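Okay, structure first, notes after.
The values are calculated or read from the model by the stated rules, or taken from the named source; none is laboratory data. Remember, predicted model here, so these are calculated numbers, not experimental data. Note that we place each Cβ from the backbone using ideal geometry, even for glycine, and neighbour counts take in every protein chain shown. Ligands, DNA and RNA are excluded from the accessible area calculation, which covers all protein heavy atoms including side chains. Shrake-Rupley method; radii C 1.70, N 1.55, O 1.52, S 1.80 Å.
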Amino acid sequence: MNTENKQIQPILTKQYHIPYEMFRDAFTAFQKRYVHPRNYMLMAVFLAVACLYGYYVAIGTQQQKPVYCMIVLFCIVMCAFQWFKPRKIRRNLLEAVRGLEEDLYELRLFPEYLEIGTILPEEEVTQEQQEADELFEDVPQENFSGTRIYYSKALKITEHSEYFIVYMVKSNFYILPKKDFTAQETTLLRTEFAKALGKGFAAVGKQSDEVKQ
C-alpha cells in the first residue's frame, strides 16, 4: 500500500484552467524576466565585436579586410538570431497550446515540494491500474499525471497580478492562475513560497507594491 500519501497530506489542493490569453501573457513575462536579459547581453557582445572589426575593416590591409568582413557579418547574423529566436519559440508554443484551454490542471502544495499536473480523462485510467488497486486493497489511483517539484535553488517563483509563475531553471515553467484560488488560498501560496524559497520568490510589477502594502 502507498503509505506516503496517507502520512503526508497536502496543505492545499486546487484544480484550475489556464486561458489562452493568460498563458500568452505569462509566457511573455517569463521570457522578459529569464530569457531576454541573457539574449540582450549576448547581442551587446556581438555588436561590440562587430563595431571593433568594422573599424579594422576601415584601417586594415586588402588581405585582412575579407576576414574582418566575415567576422562582422557573423556577429550581425548572431545578433539577429538572438533577437528572433525567443519570438519564434513564443509563436510556436502559443500555436501548440491554443487548443489546450479546456485542459484541467491540479496543484498540490506540500511543506517541502509542489505537485503540478494534468487531470486525465476517466478513460485514460487503465484496467491494469484498477485491478492492481483491488488486488492490494489500495485507494484507487487518481487520474492525475503530475510532476513533483522540490523547493531548491533551482526553483524560482514570481507573483504577478493575475498568476504565479513556477520556473524550474533550464527545465520547465508552470502557471498558477489566481482566478481559481480564493484570496485566502492566494495568501497561503504567497506565504509558503516566501518561507520555502526566500529570495527565490519575488513579487513583480504592480503586485510587488500590493505585497508591500
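So for the range 33-116, what percent of the C-alpha to C-alpha distances run longer than 18 Å? Show your work: numbers first, answer last.
On the way: 2249 of 3486 pairs.
Everything past 18 Å amounts to 65 percent.
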If every Lys and Arg gets +1 and every Asp and Glu gets -1 at its Cβ, then about the Cα centre the range 1-86 yields a dipole, in debye to the nearest 20, of 40
Obtain the nm distance between the two label points defined at ARG24 and LYS179 by a simple spin-label model: each point lies 7 Å from its Cα along the Cα-to-C-beta direction.
1.3
Keeping all protein chains in position, work out how much accessible area ILE8 exposes to a 1.4 Å probe, and write it in Å² to the nearest 10.
70
In whole percent, how big is the carbon plus sulfur part of the accessible area of the range 27-114, probe 1.4 Å, protein atoms only?
66
Kindly write out, for the range 189-202 in residue order, the coupling ³J(HN,Hα) from the Karplus curve 6.51 cos²θ - 1.76 cosθ + 1.60 (θ = phi - 60°), rounded to whole Hz, with x marking Gly and Pro.
4, 4, 5, 5, 5, 5, 5, 7, 10, x, 6, x, 10, 8
Stretch CYS69-ARG87 to full length: gain in nm at 0.36 nm per residue minus the Cα-Cα span?
3.7 nm
Other-chain or far-sequence residues with amide H under 5 Å of PHE110's (modelled H)
ILE11, GLU115
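Per residue, what accessible area does the range 42-121 have, given a 1.4 Å probe and all protein chains present, in Å²?
Working: 5070 Å² over 80 residues.
Spelled out: the 1.4 Å probe surface of the range 42-121, per residue, equals 63 Å².
Of the listed pairs LYS32/LYS156; LYS85/LYS170; LYS32/LYS179; LYS88/LYS195, which have alpha-carbon separations greater than 26 Å here?
Numbers: LYS32/LYS156 14 Å; LYS85/LYS170 16 Å; LYS32/LYS179 23 Å; LYS88/LYS195 36 Å.
In this structure, LYS88/LYS195 lie more than 26 Å apart at Cα.
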